[in-house]
Each structure stands twice: as structure tokens, then as C-alpha cells.
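These notes are about the structure you will find just below.
Since every read-out is calculated from the coordinates, none of them should be taken as a lab result. Predicted, not measured: the structure shown is a model, and the values here were computed from it. So basically every Cβ, Gly included, is an ideal-geometry build from the backbone, and we count neighbours across all protein chains shown.
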Amino acid sequence: NAGVTQTPKFQVLKTGQSMTLQCAQDMNHNSMYWYRQDPGMGLRLIYYSASEGTTDKGEVPNGYNVSRLNKREFSLRLESAAPSQTSVYFCASARGQRSTDTQYFGPGTRLTVL
Amino acid sequence: AQSVTQLDSQVPVFEEAPVELRCNYSSSVSVYLFWYVQYPNQGLQLLLKYLSGSTLVKGINGFEAEFNKSQTSFHLRKPSVHISDTAEYFCAVTTYNTDKLIFGTGTRLQVFP
């Protein structure tokens, strides 16, 4: 039981390049989330998916797109990376669709945009 | 809209000493409160949460927190810390009419031998 896995662990991009961050969970959870973590700002929600086939914007969605490929996988895409997107990205999942459900986090992807 | 404030960005403490990490929230409706911990180079994991009932909530690793509605606080405490408690601690809040968690900016607990 791997829990929540994220790939890659580290990535360096040049401004304007695109990439997709992958996330998968093996806990049969319904909800999945993408957060970014920046120093002094805590975690901010980018996008979330309450169930397969649905996605919604969070607090900071600009510059990102997401795909809930199936119940297990939730990917985050940067179409044209900018230095302001340098951050640590965390994927999380939860059993239910309520905000009170415990979220389980992956180990993170550290992204640097030059 | 709700918000959460963690008053201390860093808390240094010696091993076996008690510690309190402060968290205050703002909301016009009833809240649900959480503490998550992030060990170095790892994702976050739940320490404890308050949904209803007893205002004193016990979590993993000997931590506890008390919900104080009049003070709008949810401070995290441990009577005797260990080196392995060195981590970043995040307070988070949500309400019944939202589907999102709002995280605080985090408190870095550094335990010295």
C-alpha cells in the first residue's frame, strides 16, 4: 500500500516550458487535491477533484490545468512555466468529499523555474 | 470567509521541555479545526482534528489541542518534546459550507538536545 505517490520528485524548467506533475493514490479515495507550498505562505489549494470526472478551482488556479484521469490519478499541468511557479507541489487525497475528511499527502515535487 | 493565523513562525525548545504552538482562527460560522505535521522532506500528515464534542482533542505522538471558542483559538501542546518532534506544524480550518481546507503559514518547531 503506497498511499499517495508523486512523480517526479524534482524538476527544473526554463521559463515557457511545459510539464505535467503526476499523482496517484491506491486507497480508493474519492477526492484529490493539488497544493503549492511557498515559504511563509503555508499551503494554498490550486485545484481539487471531489470525484472522478469533476474538477474545481482552488485559491490559486491561474497558470495551471488539471485532469482527473480516473479514480486513482490526478495530474497537474503547467502549460507555460513562469518563475513565480517555483514551489513545492503536494498532491493529497481523501476518502470522502467533505472538507472534514482527513487528507493524505504525497511526498511532494520540488519545481524550479529558471 | 474563514482564516487562520499561526502567530509564531519558529519555536525553539530544548528536549523534554513543554511546548505550545499557537493557532487563532476567524470565521462567522462554526468551524472544524486541524493540526497537520510535516517532517523534513515529507508530505503532511494529520496530528489531530476537532469536529465536535470534547474541546480537548488528543492526537498522535502525545500531542493535544484545546478548542476555545471564546478566544477563537486551537493551540497545540505537548508536555515533553523529543528530538523527533522537530518538524513544521500547520493549523487548518474549514466550515460546514465550504469544501476546502484553509491552512495557516506554519510553525517550525526545532527541538535541541
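Place +1 on the Cβ of every Lys and Arg and -1 on the Cβ of every Asp and Glu in chain B, take the dipole about the Cα centre, and give the residue among B:Thr98, B:Gln6, B:Ser54 whose Cα lies farthest towards its positive end.
Projecting each Cα onto the dipole axis, the largest value belongs to B:Thr98.
Please name which of B:Gly43, B:His75, A:Gln11 has its Cα lying farthest along the dipole of the protein assembly as shown towards the positive end, using unit charges on Cβ (Lys, Arg +1; Asp, Glu -1) and the Cα centre as origin.
Final value for the positive-end residue is A:Gln11.
Given a Förster radius of 25 Å and the C-beta distance between B:Arg22 and B:Tyr96 as r, what FRET efficiency does 1/(1 + (r/R0)^6) yield to the nearest 0.05? Kindly include the intermediate steps, with their values, before the conclusion.
Values: r = 25 Å, r/R0 = 0.99.
Once rounded, the FRET efficiency stands at 0.50.
For segment A:19-78, what is the relative contact order in percent, using Cα pairs closer than 8 Å and at least 6 residues apart in sequence? Don't skip to the end; give the middle numbers.
Numbers: 118 pairs, mean separation 22.3, N = 60.
So the answer I get is 37 percent.
What is the gain in length, in nm to one decimal, between B:Glu15 and B:Lys69 on full extension, counting 0.36 nm per residue of separation less the C-alpha to C-alpha distance? Show your work: numbers first, answer last.
Details: separation 54, 0.36 × 54 = 19.44 nm, distance 3.10 nm.
Residue separation times 0.36 nm, minus the Cα-Cα distance, leaves 16.3 nm.
Excluding residues fewer than 8 places away in the same chain, name every one of the aspartates and glutamates whose C-alpha is closer than 15 Å to that of B:Lys58.
Here the aspartates and glutamates satisfying the reach criterion relative to B:Lys58 are B:Glu20, B:Glu66.
To make sure I understand the rule: partners must be aspartates and glutamates, Cα under 13 Å from the Cα of A:Lys57, and not fewer than 8 residues away in the same chain. Which ones qualify?
Cross-link targets: B:Asp99.
Rg (Å, one decimal) plus Dmax (Å, integer) for the alpha carbons of the protein assembly as shown?
In order Rg, Dmax, the Cα atoms of the protein assembly as shown give 17.6, 52 Å.
Rounded to the nearest angstrom and ordered from largest down, what semi-axes does the equivalent ellipsoid of chain B get from its C-alpha gyration tensor (root of 5λ)? Mind dumping the intermediate values first?
Numbers: eigenvalues 113, 40, 29 Å².
Taking √(5λ) for each eigenvalue gives 24, 14, 12 Å, largest first.
Report relative contact order for chain B in percent, whole number only (criteria: Cα-Cα under 8 Å, sequence separation at least 6). Before the final figure, lay out each step's value.
Working: 280 pairs, mean separation 42.2, N = 113.
Over chain B, the number comes to 37 percent.
Just to confirm my numbers, what's the Cα centroid distance between segment B:1-67 and segment A:53-95 in Å?
26
Tell me, what ³J(HN,Hα) does each residue in segment A:105-114 have, in order and in whole Hz, if you take phi through Karplus 6.51 cos²θ - 1.76 cosθ + 1.60 with θ = phi - 60° and put x for Gly and Pro?
9, x, x, x, 10, 8, 10, 10, 10, 8
Using the Kirkwood radius over C-alpha pairs as Rh, can you work out the diffusion coefficient of segment A:28-114 via Stokes-Einstein at 37 °C, viscosity 0.692 mPa s, in µm² per second? Please list the in-between numbers first.
Values: Rh = 13.2 Å.
The diffusion coefficient I find is 249 µm²/s.
Where both partners of a DSSP beta bridge lie in the protein assembly as shown, what percent of those bridges are antiparallel, to the nearest 5? The partial results should precede the final answer.
Details: 68 of 77 bridges.
In the protein assembly as shown, approximately 90 percent of DSSP beta bridges are antiparallel ones.
If you put +1 on each Lys and Arg Cβ and -1 on each Asp and Glu Cβ, how big is the dipole of chain B around its Cα centre, in Debye rounded to 20?
Values: 8 positive and 9 negative charges, 59 e Å.
With Lys and Arg at +1 and Asp and Glu at -1, about 280 debye.
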